[in-house]
């Protein structure tokens, strides 16, 4: 059986050495998609010292062969570059694996039942935390209210994070700890949801989350390390070779660095430093740094958030929500903040990546980036807008004009399409998740999952990008199919485009020492892969896989069955 396999390292450009040094491994009789326009498909590659040093013909590859060289005959299998998730939350993923998983709950009652189950194993007074509920999946799509939850959790403060991370539901005990009452004012950029009498319902949106977060016990360094370790193992399980890690505080970066120094950080991580004054000041004073700890960490970008999320009606819109005429979303940054941070970043050689989902948020961010670039002209800044989810037609071409990269998440579209039209209306829907419209202006689109918002399986993102369908292939023709990516574009969006968006162009395709790499089989033949990955396989591959482990520069292979 032929197989689609995610290779452990990105493929270097084809080179030929007059007297090549011996290879550790030669992979041959393969169909290797290099994502290189000059050599799009080759049949062999050479690995030495954990790096791909050659891709090309089998005849040329065999010139690297020596007595100790291992040969791997793939019998025509398809090999693709190692995939990068261009928008992720590593610590958030790890913490979500430690808390109550509320994804897929069909009702608020189902959420409460999971909390009650956890309550039985939690000491009185300890916080109960969960993540993943989405009221749009329930028969009653209104935000829940805390009353029924509070009645079942009188001895525990509870915080349940919405799937998008931009809203939480807390119980009465948590609100008491935070001092939230009917007299509490909404913070700038946040909203306390209230009932008809003005009493808090327990739902806090965007910056209002901080009212409770600041009274929760802080995680210890060991707890953070445990969560990060879990997250890295989960990403390795899905064969991801790197991520862009959005909004990381200096304290968590310290945990990353400690793990990397000890050889325990088995992932290539492009870190976006969190957007507080303290974190930004620390990063700028330290200076831009690339490829620390043998290519484990990049510290040269800053993450800001200009609005909330569509599902919790925090995305900042030019006009009110179609299903909530009194609301237009939330501006989570003060006017001028993007401009001021961008100016500092340009002077220090840093990139700025700004979360913007609503059309107004995107317009304001583009305006302020224009002001910053007028003040400090830098040609290769690679500023990014994270999500760029809803765009006014007048703003589509501005990304290419400014050199701003729209960093988008194809699986958000397939998660949101069931209710997005109701929320924003048919006109704005035309500018939502507008991949083709943006690509046609000449930009690149690095693709991510926003994990743990979406599942980390990269094949889900690939399928969404080329089909705009869910795992059941709905809708039949795709949701606004005119905005699809081609298969080649989808592969680039998860390989070379994330590398380009992270200034990794000169260092990509490097294997990770002492790290397991899993190569996931996703379709029976190369033709099937080119036609589009079957989402059933993308979600739960049930075929044999291969794993490569690199130790001291030597690749060792073995066949094993999936768990």
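The values are calculated or read from the model by the stated rules, or taken from the named source; none is laboratory data. Because the structure is a prediction, the values reported are computed rather than measured. Cβ placement follows ideal geometry from the backbone for every residue including glycine, while neighbour counts extend to all protein chains displayed.
Does residue 341 qualify as being in a helix (DSSP H, G or I), in the same structural domain as residue 265 (by TED's automatic domain parsing) and in contact with a helix residue (DSSP H, G or I) (Cβ under 8 Å, 6 or more places away or on another chain)?
Here the answer is yes, as residue 341 does meet what is asked.
Among the residues of the stretch 271-289, is any over 22 Å from residue 402 (Cβ atoms), at pLDDT below 95 and part of a loop (DSSP other than H, G, I, E, B)?
Among the residues of the stretch 271-289, not one is over 22 Å from residue 402 (Cβ atoms), at pLDDT below 95 and part of a loop (DSSP other than H, G, I, E, B), which makes the answer no.
Would a scan of the stretch 294-301 turn up a residue that is outside the structural domain of residue 167 (by TED's automatic domain parsing) and over 21 Å from the mean Cα position of the chain (by Cα)?
Checked against the condition, which is being outside the structural domain of residue 167 (by TED's automatic domain parsing) and over 21 Å from the mean Cα position of the chain (by Cα), the stretch 294-301 yields at least one hit.
Any residue that is surrounded by fewer than 17 Cβ atoms within 10 Å (Cβ to Cβ), out of contact with any strand residue (DSSP E or B) (no Cβ under 8 Å at 6 or more places or on another chain) and at pLDDT 95 or above - is there at least one of those in the stretch 363-370?
Yes, the conditions are met somewhere in the stretch 363-370.
For every residue, the table says whether it meets (1) farther than 17 Å from residue 206 by Cβ; (2) crowded, with 17+ Cβ neighbours inside 10 Å; (3) in contact with a strand residue (DSSP E or B) (Cβ under 8 Å, 6 or more places away or on another chain).
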site: 115; (1), (2), (3): yes, yes, yes
site: 129; (1), (2), (3): yes, yes, yes
site: 133; (1), (2), (3): no, yes, yes
site: 142; (1), (2), (3): yes, no, no
site: 146; (1), (2), (3): yes, yes, yes
site: 150; (1), (2), (3): yes, yes, yes
site: 171; (1), (2), (3): yes, yes, yes
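Condition check ((1) surrounded by fewer than 16 Cβ atoms within 10 Å (Cβ to Cβ); (2) closer than 20 Å to residue 334 by Cα; (3) within 17 Å of the chain's Cα centre (by Cα)) across all residues:
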{"residue": "266", "(1), (2), (3)": "no, no, no"}
{"residue": "287", "(1), (2), (3)": "yes, no, no"}
{"residue": "312", "(1), (2), (3)": "no, no, no"}
{"residue": "317", "(1), (2), (3)": "no, yes, no"}
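Only one of (1) out of contact with any helix residue (DSSP H, G or I) (no Cβ under 8 Å at 6 or more places or on another chain); (2) crowded, with 19+ Cβ neighbours inside 10 Å; (3) part of a loop (DSSP other than H, G, I, E, B) is not met by residue 180, so which one is it?
Single failed check for residue 180: (1).
Could you check how many residues of the stretch 333-349 are surrounded by fewer than 22 Cβ atoms within 10 Å (Cβ to Cβ) and touching a residue at least 40 places away in the same chain (Cβ under 8 Å)?
4
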